[in-house]
């Protein structure tokens, strides 16, 4: 037990060494405001365009398109709302099923529920911590059947309306394999890239592999607009419809109020977009600094008994939240207690969705890898220094 505590204390020392702080409190992840945030915010206030119409909303969408390579980026008030509307855009209806992962933030499952649909939780890969193509392939071969109007779950007799993988902590999942499997079955892919702005594979950014993707700019993300996010797509028609639905489905007119379907008030306010634009201007600097933090952690953990998690070969990661893998749940809990009491903020990975009271009755496979990770993964401080 004493040796175990020494190992855990060594991890805390590594964190303090990386952040050059021996006594101060080290937060998990805080925003960095070192650009034109105040200038743009004051400009917005002076203009009086602080709500859902204004030049910074347009500028933000243009910047997101340039950064991600998406044909269309639509600003939304937060990532959860973005996922909710993305699911509707690909045709998810009440009573249908969405294949996703139980090892995720609650927003993923909640967005399915908001559409009146049912989550089917499939296992993740241990290395990527994202939806496993093997688990997806296995489930479809065992339970899915193609009919004239789509793919159905033979067991529940519900239509499988979408598949939604998530890039955990900015680590890319095997998204290309997932998309290929879903294409074979004719199942649309909604890519939950809420945590993965700045991550990708080759020349393609997270959020642009599926039919539609969503990124988040919440207060703890790599860049932030306080709250906010963006819906991304390579399909211009789908993007235009996303814009229409998220702006209350109002038909454009100089003064008339005509709405042609039930839409959502999911528009990002101009004042938030101003903050987002200033942050996006610094994204490359943040990515470089985070890569430096990752590199120092990687070197210091190289010969340590505790595993420092690394992205899949052939992918690049924004290093939003870096993490370690402890030997077991008991050690994990001991480290969480010791580190937080020592002024170093750490957090466990999420509790599996199918263990939460509202999703206890959702269908789930074995979750062997997800359970392994839930018991062992801990996020360590990852802020831009």
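Mind giving me the FRET efficiency for residue 334 and residue 21? R0 is 22 Å, r the Cβ-Cβ distance, nearest 0.05 is fine. Mind showing how you got there, number by number?
Working: r = 22 Å, r/R0 = 1.02.
My answer for the efficiency is 0.45.
Simple spin-label model, 7 Å along Cα-to-Cβ: residue 185 to residue 155 in nm?
The two pseudo-label positions are separated by 1.2 nm.
Please check which bits of region 329-343 a label hung off residue 310 would reach, taking the label as a point 7 Å along Cα-to-C-beta and the cut-off as backbone N under 19 Å.
Residues passing the 19 Å test: none.
Given 0.36 nm per residue, what is the gain on full extension from residue 142 to residue 201 after removing their alpha carbon distance, in nm? If you can, show how the numbers build up before the last one.
Working: separation 59, 0.36 × 59 = 21.24 nm, distance 3.01 nm.
Gain in length upon complete extension: 18.2 nm.
Among 116-122, 37-43, 365-371, how do they line up from the highest to the lowest mean number of other beta-carbon atoms within 10 Å? Before the final figure, lay out each step's value.
Values: 116-122: 22.7, 37-43: 15.6, 365-371: 18.4.
Top to bottom by mean Cβ count within 10 Å: 116-122, 365-371, 37-43.
Given the C-alpha centroids of region 34-88 and region 268-292, what is the distance between them in whole angstrom?
11 Å
Checking a compactness column here: for the chain, what do you get for Rg(Cα) / (2.2 N^0.38 Å), N being the number of residues? Kindly include the intermediate steps, with their values, before the conclusion.
Values: Rg = 21.2 Å, N = 385, 2.2 N^0.38 = 21.1 Å.
For the chain, the normalised Cα radius of gyration comes out at 1.01.
Give me the distance in nm between label points sitting 7 Å out from Cα along the Cα-to-Cβ direction at residue 250 and residue 298, one decimal.
4.8 nm
Evaluate E = 1/(1 + (r/R0)^6) for residue 260 and residue 66, where r is the Cβ-Cβ distance and R0 equals 22 Å; express this FRET efficiency to the nearest 0.05.
Numbers: r = 31 Å, r/R0 = 1.40.
Taking R0 as 22 Å, the efficiency between residue 260 and residue 66 is 0.10.
For the chain, what is the calculated [θ] at 222 nm in deg cm²/dmol (nearest 500), taking -39500 (n - 2.57) for each run of four or more DSSP H residues and dividing by its residue count? Could the numbers behind the result be given before it?
Details: 12 runs with 144 residues, N = 385.
The helix-only estimate for the chain comes to -11500 deg cm²/dmol at 222 nm.
Bear in mind that the values in this text are calculations on the coordinates, not laboratory data. No experiment lies behind these values; they were computed from the predicted model shown. Positions of Cβ are backbone-derived with ideal geometry, glycine not excepted, and every protein chain shown enters the neighbour counts.
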